[in-house]
Amino acid sequence: MLPDMSFLRGIFVRSLACFCLLVVLVGGARAADTLPSPEGTVVLSVTGRIGVTNAEGRADFDLAMLGQLPQHEFNTLTPWTTQVHRYRGVLLRDLLDRVGAEGERVRATALNQYHADLPPGVASDYPLLLATHRDGEPMRVRDKGPIWILLPLSDHPELNLKQHHEMMVWQLRTLDIR
């Protein structure tokens with residue numbers, strides 16, 4: 001007795017459909033792991049233990065790319081300002097997720113080569129902001145921009161300590177994941 005060909009054809013068609021769906025899903029996951037190249041001036045480079053890059057061994061961002069990531073805001077007074085300002089930008093943890101960071105420490109380096117090692121846990125326990133705007137305006141280099149690492153000191157007085165002030169790097173240029 002010969003097998004029913006329609007039954008075998010049905011199995012083949014379903015298997016082919018499942019295979020095609022798997023190819024689309026895997027291809028879509030790879031597309032989500034890509035990062036477009038910056039079209040404007042690169043203001044931030046992320047290096048080290050990252051899984052998503054757009055340049056040789058690093059992920060470069062212009063201000064527009066940073067603006068496409070989830071944005072957060074808070075009002076705070078800092079040791080370097082005389083009044084409370086409203087800061088907006090991307091949370092460090094969101095940026096680290098976007099580049100597939102796998103390290104335990106982050107070294108933040110400014111344009112003038114000042115650097116600070118961000119302790120583990122601070123970025124996950126508090127809204128550590130890579131501020132690109134102050135009071136609705138893009139931050140300029142002469143005003144501690146274009147990126148300033150900030151903590152909400154006014155909302156969390158326990159953070160208003162010298163050790164936390166030292167990690168609030170202004171004129172941020174690179175993040176190295178270690």
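The values are calculated or read from the model by the stated rules, or taken from the named source; none is laboratory data. Note that this is a predicted model, so its numbers are computed, not measured. Note that each Cβ is placed from the backbone with ideal geometry, even for glycine, and that neighbours are counted across all protein chains shown. Side chains included, ligands, DNA and RNA excluded: accessible areas come from the protein's heavy atoms. Shrake-Rupley method; radii C 1.70, N 1.55, O 1.52, S 1.80 Å.
Key figures for this structure:
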| quantity | calculated |
| --- | --- |
| Candidate set: the range 61-89, residues that are polar (S, T, N, Q) and in a strand (DSSP E or B); chosen: the one nearest to L151 (Cα to Cα) | T76 |
| Residues of the range 64-85 that turn out to be open to solvent by less than 80 Å² (accessible area, probe 1.4 Å) and within 12 Å of the chain's Cα centre (by Cα), as a count | 6 |
| Strands (runs of 3 or more DSSP E) enclosed by the range 113-178 - at least 2 residues per element that are at negative phi and open to solvent by 10 Å² or more (accessible area, probe 1.4 Å) | 115-118, 129-134, 172-177 |
| Any hit, the range 43-60, residues being touching a strand residue (DSSP E or B) at 6+ places or on another chain (Cβ under 7 Å), assigned to a helix (DSSP H, G or I), at pLDDT 95 or above and of a type outside the set (S, T, Y) | no |
| Breaking point among (1) surrounded by 14 or more Cβ atoms within 10 Å (Cβ to Cβ); (2) closer than 22 Å to V122 by Cα, for F61 | (2) |
| Complete set of residues in the range 106-134 that are among the acidic types (D, E) and more than 20 Å from P70 (Cβ to Cβ) | D117 |
